[in-house]
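Presented below is the structure to which this report refers.
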Amino acid sequence: MPPPGRTIWVRRSPPRLAMASVDELWLVDFGTPYPAEPAHHRPALIVGPPEVFGSAFPFVIVLPLTTTRRDLSFHIEVEATPETGLAETSYVQCELVRSVNRNRLVHRLGMIDVEGSRRVTDVLRMLLGH
């Protein structure tokens, strides 16, 4: 107990941020949406930043997934398998690139395969004009 009239300041550690890697699928808390944006808890693909930023970088770049098939060339299909951790076939929405704080990462689901990663990268390059 501090003496009367004195305050003791306690330094709290910052919350531990989830470690996520490119090509992993995570359940992400997108919060309250604006119309047509991803909402609440849904799977998302981690597309950046690469591990060179280390654990000090508090944000990751994600692409949300949807289970609604829309037959759009920039939606990449991901099968539900033990490797992906998805409950049903889903589609990476490459047009909805978003940066989120790593505190929004709820838990890791799995990973996409090399071919799926290549297809997502190709679509992102096309959408971003690279």
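The values are calculated or read from the model by the stated rules, or taken from the named source; none is laboratory data. These figures come from a predicted structure and were not determined experimentally. With ideal geometry, Cβ positions are generated from the backbone for all residues, glycine too; neighbour counts draw on all protein chains shown.
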Tally up the residues in region 1-43 that are at pLDDT 85 or above, of a type in the set (Val, Ile, Thr) and out of contact with any strand residue (DSSP E or B) (no Cβ under 8 Å at 6 or more places or on another chain), please. 0
Scan region 47-81 residue by residue and report those that are assigned to a strand (DSSP E or B) and aliphatic (A, V, I, L, M). VAL47, VAL60, ILE61, VAL62, LEU63, LEU65, ILE76, VAL78
Please indicate, with yes or no, whether at least one residue in region 13-28 is exposed (fewer than 11 other Cβ atoms within 10 Å of the Cβ), part of a loop (DSSP other than H, G, I, E, B) and either under 11 Å from the mean Cα position of the chain (by Cα) or among the charged types (D, E, K, R) (or both). yes
Please determine whether any residue of region 60-67 is in contact (Cβ under 8 Å) with a residue 40 or more places away in the chain and not aliphatic (A, V, I, L, M). no
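Mind checking which strands (runs of 3 or more DSSP E) fall wholly inside region 82-126 and carry at least 3 residues that are within 11 Å of the chain's Cα centre (by Cα), more than 15 Å from SER21 (Cβ to Cβ) and modelled with pLDDT under 95? Give the steps one after another, and end with the answer.
On the way: elements: 90-93, 98-101, 105-111.
Once the strands (runs of 3 or more DSSP E) in region 82-126 are filtered for at least 3 residues that are within 11 Å of the chain's Cα centre (by Cα), more than 15 Å from SER21 (Cβ to Cβ) and modelled with pLDDT under 95, what remains is 98-101.
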Write out, first by first residue and then by second, each pair whose Cβ atoms fall under 9 Å of each other, whose residues are 6+ apart or on separate chains, and whose first residue, in region 110-126, is free of Cβ contacts under 8 Å to residues at least 60 places away in the same chain and farther than 19 Å from GLY85 by Cα while the second is aromatic (Phe, Trp, Tyr) and surrounded by 16 or more Cβ atoms within 10 Å (Cβ to Cβ). VAL123/PHE74; MET126/PHE74
Given the condition within 15 Å of the chain's Cα centre (by Cα) and surrounded by fewer than 21 Cβ atoms within 10 Å (Cβ to Cβ), answer yes or no: does some residue in region 73-81 qualify? no
